[in-house]
Amino acid sequence: MENSYFVSLGAWNWFILAAILGVLELTLPGFLLIWFGVAALLIGALALAINMVWQLQLVLFALIGIGLLMASKRFAGSKSGKTDRPLLNKRAHTHLGKVYQLVTPTSHGRGSIKVGDSIWQVQLEGDEDLEKGAGVLITDVAGTRLIGRAH
């Protein structure tokens, strides 16, 4: 008698569950719950068309949800890191091998270079002091500081 309310709603249980999962998908990070929401919609539509016991509905919901989730992982593409712009989020690494002029003379191997419209801090490999305007070849990156040597 305790599950009579659940059974009396019939297919609408699945539509309610699909709506709840849809709202949760919008509020939580990830791309997981949408597939179970779609599975709930499918089971709701099946329950309207075909008279099924609730146990079969639950099994089909689990199978369809897991199947959709696995299919989405397979077709979502790999995250192997292969891209046409590998240095997109590594801006400092784009300067490796290039020569820039000092905008301030170096002191104890530290100075500034102008790259485009920005000023970058540079550390010379040999703690030497160079005059303003001297060329510096960028050889490495340490955080936000460029490492270079006299050119």
Review point. Outside the structural domain of D140 (by TED's automatic domain parsing) and either β-branched (V, I, T) or under 30 Å from L41 (Cα atoms) (or both) - does that describe any residue in segment 80-89?
Key: yes
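In contact with a Gly (Cβ under 8 Å, 6 or more places away or on another chain), on the phi < 0 side of the Ramachandran plot and among the small types (G, A, S): which single residue out of G135, G67, G126 fits that description?
On the way: G135 fails: in contact with a Gly (Cβ under 8 Å, 6 or more places away or on another chain); G67 fails: in contact with a Gly (Cβ under 8 Å, 6 or more places away or on another chain).
G126 is the lone residue from the list that is in contact with a Gly (Cβ under 8 Å, 6 or more places away or on another chain), on the phi < 0 side of the Ramachandran plot and among the small types (G, A, S).
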Study note, to complete from the structure: G116 fails exactly one of (1) at positive phi; (2) in contact with a strand residue (DSSP E or B) (Cβ under 7 Å, 6 or more places away or on another chain); (3) surrounded by fewer than 13 Cβ atoms within 10 Å (Cβ to Cβ), namely (2)
Check your understanding: From the set of residues in segment 91-131 that are without any contact (Cβ under 8 Å) to a residue 24 or more places away in the chain and of a type in the set (D, E, K, R), which is nearest to R145 (Cα to Cα)?
Key -> R110
Check your understanding: Quick one: in segment 1-27, which of the residues that are among the aliphatic types (A, V, I, L, M) and over 41 Å from the mean Cα position of the chain (by Cα) is modelled with the lowest pLDDT?
Key -> M1
Check your understanding: Mind checking which residues of segment 40-73 are closer than 16 Å to L21 by Cβ, surrounded by fewer than 18 Cβ atoms within 10 Å (Cβ to Cβ) and touching a residue at least 40 places away in the same chain (Cβ under 8 Å)?
Key -> S72
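Go through segment 88-115 and give me each residue that's of a type in the set (G, A, S) and assigned to a helix (DSSP H, G or I). I'd like the intermediate steps shown before the answer.
Taking segment 88-115 and keeping what is of a type in the set (G, A, S), we get 92, 97, 107, 109, 111-112.
Residue satisfying the conditions is A92 alone.
The values are calculated or read from the model by the stated rules, or taken from the named source; none is laboratory data. Everything quoted here is computed from the prediction, not taken from an experiment. Methodologically, a virtual Cβ is constructed for each residue, glycine included, from the backbone with ideal geometry; neighbour enumeration extends over all protein chains shown.
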